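What follows is a set of notes on a single structure, which appears directly below.
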Amino acid sequence: QKSATTTGTINTVSSNNENGADATFDYIYGNTSATVTLNATPFQSGENKEYTFIHIDRYTGSYRKRIWQGVGTNYLSGFWAGRQGVYYQKNSFIHAVSRNIGNNWLLTVDQNISLGGIIKSYSYHNGQYVANTYNSGGTSLASMTNLVINAGTYGSESSDWGAAVVLMYDRHLTSSEI
């Protein structure tokens with residue numbers, strides 16, 4: 001089985017020490033009509049699962065809403081409304097590093113580490129490492145069934161996007177593993 005299912009036009013291009021990165025690497029990108037749906041996630045409807053979700057992404061054009069978001073619940077990771085470093089679960093924002101961030105790459109690590117309780121969100125942007133611990137007050141992600149780009153529960157909040165790395169683990173990784 002493929003790791004992801006895509007729709008629309010998705011291209012591959014090389015980045016050469018651009019957009020806040022100090023390396024050369026290939027990445028995929030798409031516009032607001034290009035979608036990515038992960039096929040291998042730990043989510044099962046009705047069950048709150050541990051996970052670690054690592055991704056390196058950026059905005060690539062003028063449409064700047066969500067990049068990664070949940071299916072089945074109001075969840076976003078990394079980007080929203082032109083902001084980077086944002087995490088949102090159901091009715092609570094965790095952190096917004098900045099507004100009008102341009103097109104720089106953002107490393108984001110989200111973890112559901114205490115089923116029904118503690119969420120951790122980490123981001124690295126422009127040489128600044130930000131860690132947030134969020135107590136969901138017992139609110140779980142049991143209704144989330146998948147993670148997607150430009151689709152899902154709030155698919156109308158789409159973006160022009162680029163993705164260099166996307167990793168999903170069905171457990172909580174330790175800080176040394178990350």
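The values are calculated or read from the model by the stated rules, or taken from the named source; none is laboratory data. Because the structure is predicted, anything quoted here is derived from the model rather than measured. Cβ atoms come from the backbone with ideal geometry, glycine included; neighbour counts cover every protein chain shown. Surface areas here come from the heavy atoms of the whole protein model, side chains and all, with no ligands, DNA or RNA. Shrake-Rupley method; radii C 1.70, N 1.55, O 1.52, S 1.80 Å.
Would you please name the residue that is nearest to the chain's Cα centre (by Cα), looking only at residues in the stretch 34-59 that are of a type in the set (D, E, K, R) and either modelled with pLDDT of 90 or more or closer than 15 Å to Thr108 by Cβ (or both)? So, considering only residues that are of a type in the set (D, E, K, R) and either modelled with pLDDT of 90 or more or closer than 15 Å to Thr108 by Cβ (or both), the one nearest to the chain's Cα centre (by Cα) is Asp57. For the stretch 35-55, the set of residues classified as in contact (Cβ under 8 Å) with a residue 40 or more places away in the chain, surrounded by fewer than 21 Cβ atoms within 10 Å (Cβ to Cβ) and not in a strand (DSSP E or B) consists of Ala40, Thr41, Pro42, Ser45, Gly46, Asn48, Lys49, Glu50, listed by residue number.
Inside the stretch 97-110, can you point out the residues that are open to solvent by less than 40 Å² (accessible area, probe 1.4 Å) and at pLDDT 80 or above? Passing the criteria: Asn104, Trp105, Leu106, Thr108, Val109, Asp110. One residue is enough: does the stretch 5-24 have a residue meeting the conditions open to solvent by 50 Å² or more (accessible area, probe 1.4 Å) and under 24 Å from Ala142 (Cβ atoms)? Yes, the conditions are met somewhere in the stretch 5-24. Looking at Ile113, Ile149, Ile119, Ile94, just one residue is closer than 23 Å to Asp170 by Cβ, touching a Ser or Thr at 6+ places or on another chain (Cβ under 9 Å), at pLDDT 85 or above and open to solvent by less than 50 Å² (accessible area, probe 1.4 Å), and that residue is Ile149.
Pairing each residue of the stretch 56-85 that is open to solvent by 50 Å² or more (accessible area, probe 1.4 Å) and in a strand (DSSP E or B) with any residue that is at pLDDT below 85 and not aliphatic (A, V, I, L, M), provided the two are 6+ apart or on different chains, yields C-beta distances under 8 Å for Trp80/Tyr88.
Does Val13 qualify as being in a strand (DSSP E or B) and modelled with pLDDT of 85 or more? Judged against the criteria, Val13 is a match.
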